[in-house]
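Here's the structure, in structure tokens; my notes come after.
The values are calculated or read from the model by the stated rules, or taken from the named source; none is laboratory data. Everything quoted here is computed from the prediction, not taken from an experiment. Every residue, glycine as well, gets a Cβ built from its backbone with ideal geometry; the counts of neighbours run over all protein chains shown.
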Amino acid sequence: MPNSSLCLLLDTNVWLEKYLPWRAGHGTVLALLREADLQEIPIAFPAQSALDVYQRVRIENKRWARDSGRLDDHMAQAIKRLAWDCVNDMRDLATAVPADSSDLYLACKHRAVHDDLEDDLLLAACQRAHASHLVTNDRKLLAHSPVEAVTPRKYARTPKSWHCPWCAHSSREHRLSARLAQDDLRIVGKRLTGFWIQAL
């Protein structure tokens with residue numbers, strides 16, 4: 001049965017740590033998502049985050065391919081398919097939170113506290129989704145969020161209802177994170193060379 005008392009809304013920067021495995025927080029985000037799945041904690045994201053993830057995955061992978069001398073039409077198409085796979089994975093793992101004029105109204109109200117429209121739309125999404133927590137790496141959002149805001153790395157500081165084993169056993173967390181990162185690097189590598197396998 002889903003945990004009705006909790007709902008996590010993940011910022012775009014958290015999703016990017018999942019889909020760009022060379023980022024430092026990759027393993028931690030994977031551990032978070034697996035724990036949320038085990039505890040049946042609903043996850044959400046602002047619908048506009050899908051576009052941000054799609055574009056950033058394409059840009060960063062194209063940069064890697066260009067720098068390594070591997071960027072050709074075939075590789076560009078592979079990277080495009082990878083970006084679409086990331087968006088579909090988001091849809092599988094979480095619920096997209098739509099936006100309309102009322103969200104823009106709320107975002108403008110947040111301006112007095114946090115003067116950044118993109119972030120304020122994220123805060124409005126938290127309210128629309130009735131999220132219990134915003135998960136982000138943005139320091140300003142951590143201070144200004146209308147709901148409790150945490151980073152993926154600080155679950156030891158969150159309520160005990162999280163029951164997060166990764167922070168309670170740091171050595172195991174480090175080993176698991178390293179293994180998960182290796183697995184995802186292998187998957188990304190296979191995707192970019194045309195060997196398509198099921199995403200995590």
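How about region 52-71: which of its residues are in contact with a helix residue (DSSP H, G or I) (Cβ under 9 Å, 6 or more places away or on another chain) and assigned to a loop (DSSP other than H, G, I, E, B)?
Within region 52-71, 70, 71 qualify.
Does residue 134 satisfy being modelled with pLDDT under 80 and either under 24 Å from residue 41 (Cα atoms) or not charged (D, E, K, R) (or both)? Walk me through how you get there before you give the answer.
Numbers: modelled with pLDDT under 80: no; either under 24 Å from residue 41 (Cα atoms) or not charged (D, E, K, R) (or both): yes.
So residue 134 does not fit the description; no.
Name the residue that is surrounded by the fewest Cβ atoms within 10 Å (Cβ to Cβ), counting only residues in region 112-142 that are touching a helix residue (DSSP H, G or I) at 6+ places or on another chain (Cβ under 6 Å) and part of a loop (DSSP other than H, G, I, E, B).
Going through the qualifying residues, I end up with 113.
If I ask for residues that are among the acidic types (Asp, Glu) and either in a loop (DSSP other than H, G, I, E, B) or at positive phi (or both), which ones from region 31-46 would you list? Don't jump to the end; show me each part of the working.
The initial filter retains those residues of region 31-46 that are among the acidic types (Asp, Glu), namely 35, 37, 40.
The answer is 40, and nothing else.
Among the residues of region 3-29 satisfying the criterion of being among the aliphatic types (A, V, I, L, M) and assigned to a helix (DSSP H, G or I), which is farthest from residue 138 (Cα to Cα)? Before the answer, list the steps.
Initial filter on region 3-29 (among the aliphatic types (A, V, I, L, M)): 6, 8-10, 14, 16, 20, 24, 29.
Add one more test, that the residue is assigned to a helix (DSSP H, G or I), and what stays is 14, 16, 29.
Details: 14: 10, 16: 13, 29: 15 Å.
Among those that are among the aliphatic types (A, V, I, L, M) and assigned to a helix (DSSP H, G or I), it is 29.
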